[in-house]
1. Quick one: buried accessible area between B and A, total over both chains, 1.4 angstrom probe, nearest 100 Å²?
2. Per-residue mean of other chain beta-carbon atoms within 10 angstrom of the beta-carbon, peptide A:243-255?
3. Determine the shape class of the stretch A:222-337: with a ≥ b ≥ c the square roots of the Cα gyration tensor eigenvalues, call it rounded for a/c under 1.5, and otherwise prolate if a/b is greater than b/c, oblate otherwise.
4. What order, most packed first, do the peptides B:458-466, A:25-33, A:253-261 have when packing is the mean number of other Cβ atoms within 10 Å of each residue?
5. By how many nm would the segment from B:S128 to B:T88 lengthen if fully extended, with 0.36 nm per residue of separation less the alpha-carbon distance?
6. Which residues of the stretch B:104-119 end up with at least 30 Å² less accessible area in the presence of all protein chains than when their chain stands alone, using a 1.4 Å probe?
7. Between the stretch B:148-167 and the stretch A:85-144, what is the C-alpha centre distance in whole Å?
8. Along Cα→Cβ at 7 Å, what distances in nm separate the A:T396 label point from those on the other copies, shortest first?
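The values are calculated or read from the model by the stated rules, or taken from the named source; none is laboratory data. Small disclaimer: the values here were computed from a predicted structure and weren't measured. Backbone-built Cβ (ideal geometry, glycine too); neighbour counts: all protein chains shown. SASA here: full protein model, heavy atoms, side chains in, ligands and nucleic acids out. Shrake-Rupley method; radii C 1.70, N 1.55, O 1.52, S 1.80 Å.
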There are 2 protein chains.
Amino acid sequence: MDDRLKEEFRAAAGGQAIDPASSPADAERYLTDWRGTKTGAASLILRPGTTSEVADVVRLAAREGVPLVPQGGNSGLVGGSVPEGDGTAVLLSLERMNEIQLVDAEGATARVQAGVILQTLHEAAAESQLMFPLSLGAKGSATIGGLISTNAGGTQVLRYGAMRAQVLGLEAVLAGGNVLNQLAPLRKDNTGYDLKQLLIGAEGTLGIVTRASLRLLPAPAETATALVGLSSPAAALQLLARLQAATGGQVDSFELIPRIAVDLVTAHVDNTRDPLAAGHAWYVLAELTGTGAEGTQRGLLETALAAAIEDGLAADAVLAGSGREREELWRLRETIAEAERADGLAIKHDISVPVSDMPRFVTEVGAEIERRWPGTSMIAFGHLGDGNIHFNVRSTDALDRDDLIALRPEITGFVYEQIAAAGGSISAEHGIGTLKAEALARLGDPGKLAAMRAVKRALDPHGIMNPGKVFA
Amino acid sequence: MDDRLKEEFRAAAGGQAIDPASSPADAERYLTDWRGTKTGAASLILRPGTTSEVADVVRLAAREGVPLVPQGGNSGLVGGSVPEGDGTAVLLSLERMNEIQLVDAEGATARVQAGVILQTLHEAAAESQLMFPLSLGAKGSATIGGLISTNAGGTQVLRYGAMRAQVLGLEAVLAGGNVLNQLAPLRKDNTGYDLKQLLIGAEGTLGIVTRASLRLLPAPAETATALVGLSSPAAALQLLARLQAATGGQVDSFELIPRIAVDLVTAHVDNTRDPLAAGHAWYVLAELTGTGAEGTQRGLLETALAAAIEDGLAADAVLAGSGREREELWRLRETIAEAERADGLAIKHDISVPVSDMPRFVTEVGAEIERRWPGTSMIAFGHLGDGNIHFNVRSTDALDRDDLIALRPEITGFVYEQIAAAGGSISAEHGIGTLKAEALARLGDPGKLAAMRAVKRALDPHGIMNPGKVFA
């Protein structure tokens with residue numbers, strides 16, 4: 001890109017630009033992804049501050065045929081937020097668009113720019129005794145625009161849905177520089193195609209999300225949390241159905257944890273312990289929230305768990321008696337990835353199947369993998385209530401790290417085959433990015449892929465929006 | 001259409017066809033809309049029984065360039081389900097595709113064909129102690145396919161969302177005859193564009209919904225219902241915020257009813273009465289559902305309403321003490337449209353604005369209409385919690401019916417102008433169909449309209465899917 005064009009881009013972005021050629025150190029954090037495994041190149045990094053600056057940049061890029069890569073917190077896991085290709089792309093960071101423009105306590109909505117960090121929104125909602133009902137590990141870096149563009153999930157999807165369910169309104173700049181204005185926080189609007197739904201989860205390949213109107217909810221008065229020991233994923237699913245019926249669907253989180261994960265966490269992570277007296281084959285971390293008289297949620301959970309133990313559905317359970325104890329229980333779940341890393345290599349899969357099929361999938365497909373590839377060991381954990389499991393394959397002492405790496409294509413191929421047979425998804429939470437683009441092209445429903453390509457061509461005819469992502 | 005082609009269509013639809021030319025009496029109910037105000041013409045009415053028959057019909061229509069008009073229960077309110085144009089269209093009724101293929105009690109999902117009637121699904125869910133959380137007046141005739149294609153709302157949107165929120169999976173036949181298969185009931189799936197979202201609310205202009213996987217919820221153990229008398233919509237909205245906070249968001253319905261509606265209902269509808277001792281300017285019908293010990297919901301509602309009366313936010317309230325009393329309260333709300341019709345003509349608007357702006361809109365815009373057009377009288381009622389109000393304009397004795405009809409364009413133009421200024425929607429629930437196509441073209445966001453046209457061209461390049469609907 002010549003200097004004249006760089007200057008034009010810089011001016012369009014309100015003067016906020018970093019040139020990787022002259023400032024490589026400043027550019028690095030934009031060009032290397034969170035996992036540190038992928039570094040891309042860009043001719044320029046722009047940091048616009050308003051929707052109209054974004055629109056100016058997009059119009060210029062369209063005129064010049066320059067690819068654009070939008071970026072939020074750069075904490076995605078599938079390579080979607082760093083540039084592919086030869087370095088001609090312009091990276092468009094939304095980080096300066098970090099204004100919470102409105103918290104409407106009466107309407108229970110917030111209007112934010114795309115670069116607002118999730119945790120900042122949590123804090124703003126809390127000031128009005130409200131909550132934004134989506135949270136995940138990267139909440140200190142993930143931005144609203146990125147969360148929307150990847151339709152992010154997290155630990156409360158069971159109760160409140162993924163990011164799509166939180167978006168009441170959206171503003172985006174489309175490939176030609178047109179602004180799609182569906183920003184009004186309407187709970188109901190049936191005036192033609194709901195195009196914002198198309199932008200949600202499109203990973204920046206159809207347009208750049210610039211602002212959103214989000215729903216907020218009353219902050220719950222009470223949280224009740226328990227760790228339950230039980231014999232199988234099937235028992236866990238039955239327990240979930242009971243809890244949902246007993247509470248009228250107030251289960252926020254229902255996380256499945258295998259024995260091996262508890263062993264790895266307690267071995268590798270400081271200040272962790274299994275609070276149940278005996279070891280169990282499987283564990284569930286269950287959390288309810290709600291209101292009513294003090295102790296209502298705890299009482300509901302206690303009664304339901306006592307009945308489950310009485311009936312032989314669960315073996316043992318412990319309820320958190322304080323905020324600190326709750327954190328301890330969550331620490332067992334939230335440090336599994338860290339413990340996995342400390343233990344060695346794992347081939348990771350972020351999959352979903354219909355909820356009622358999950359026990360079979362975890363048990364049978366897991367056993368089949370260990371049988372087919374001796375020396376492998378499954379670690380399957382996560383959001384059982386969403387039908388979404390991190391279905392990871394480790395090596396034991398009987399299998400070298402390098403041998404496991406060599407088996408990756410075979411093993412992942414087998415997992416995806418089983419997913420396809422179960423009508424499941426090869427990316428439940430993380431999206432496609434570049435990491436799964438080839439797999440999607442190979443395994444996706446042909447009718448859906450054809451329609452996706454048609455929509456992409458229609459809204460981005462010159463292919464300048466985040467090229468190389470989603471589509472192989 | 002010549003006989004040879006008719007025969008080919010009939011064969012594609014499994015032999016199930018009605019020819020309006022030879023069987024006009026049989027054809028009538030398909031060609032006249034529910035309101036009885038619009039009759040269209042079709043060269044043939046087909047009643048396929050399977051997705052593959054629908055695909056065969058669509059491929060044939062694409063080959064021959066024949067327009068297709070899909071139809072569910074034909075109970076829409078904006079003319080979307082009867083043919084426009086010169087009578088060359090083929091009407092595709094989904095009514096024979098009425099099979100509930102699966103109720104998965106453990107996974108809390110149902111898989112149904114598009115022609116299943118809403119009430120039938122309610123009954124099937126109840127047999128498994130579950131519920132399908134969407135209901136509306138036309139539940140005895142509206143079909144799942146139609147509800148999806150119009151993203152229908154109803155009386156529980158506040159708690160459970162509109163139809164979009166209930167759809168976990170979708171199967172549709174696109175314009176070329178390709179089948180879009182996103183039918184698996186996945187709670188999480190981030191593999192490329194979520195195209196089913198585009199079909200939801202597209203009113204059959206992008207494809208024909210053939211099957212759906214829907215979420216079910218535990219049937220609530222207890223329902224508590226109250227009618228509250230208060231002084232203004234602003235007080236009603238404050239009461240809603242209190243109830244939501246007190247119950248942790250368990251308010252299913254929160255319906256605003258003006259004095260005039262109660263007067264019309266009690267005057268025109270048998271077996272109705274105002275159960276509150278004194279008359280009030282405004283009423284709210286509020287309903288909570290949930291679980292817990294017997295009387296929990298009633299207790300929550302009673303306590304919150306007593307505090308509201310104590311604080312002067314509400315003037316009076318009555319709680320339903322039995323199922324019969326609950327029905328009586330709902331009858332006051334559900335017969336408003338009937339009472340309006342009995343009373344005379346009303347110019348109807350199905351609008352939404354941001355929830356917190358609703359009190360201002362109802363009060364100020366309503367007063368302005370009565371001031372500008374002497375002899376008119378507002379009747380604004382409906383889903384306050386969704387920001388969605390039926391904002392209707394009646395004539396009083398001081399204004400003839402014909403004069404009101406003559407004023408319709410002016411008055412509706414003014415309402416839509418005010419809606420645009422408030423960032424609201426000119427069709428909150430009912431869709432666009434033919435009735436509002438011109439208004440959408442004139443008032444819609446230009447960026448959105450351009451993108452809608454691009455998507456329509458991309459997925460239906462020959463314009464055979466429900467032509468004349470949504471787009472003017």
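1. When B and A are taken together, about 5800 Å² of accessible area is lost.
2. Mean inter-chain Cβ contacts per residue within 10 Å come to 4.
3. Taking the square roots of the gyration eigenvalues as a ≥ b ≥ c, the stretch A:222-337 is oblate.
4. Top to bottom by mean Cβ count within 10 Å: A:253-261, B:458-466, A:25-33.
5. Separation in residues times 0.36 nm, less the Cα-Cα distance, equals 9.9 nm.
6. B:E106
7. Centre-to-centre distance over Cα atoms comes out at 26 Å.
8. 8.5
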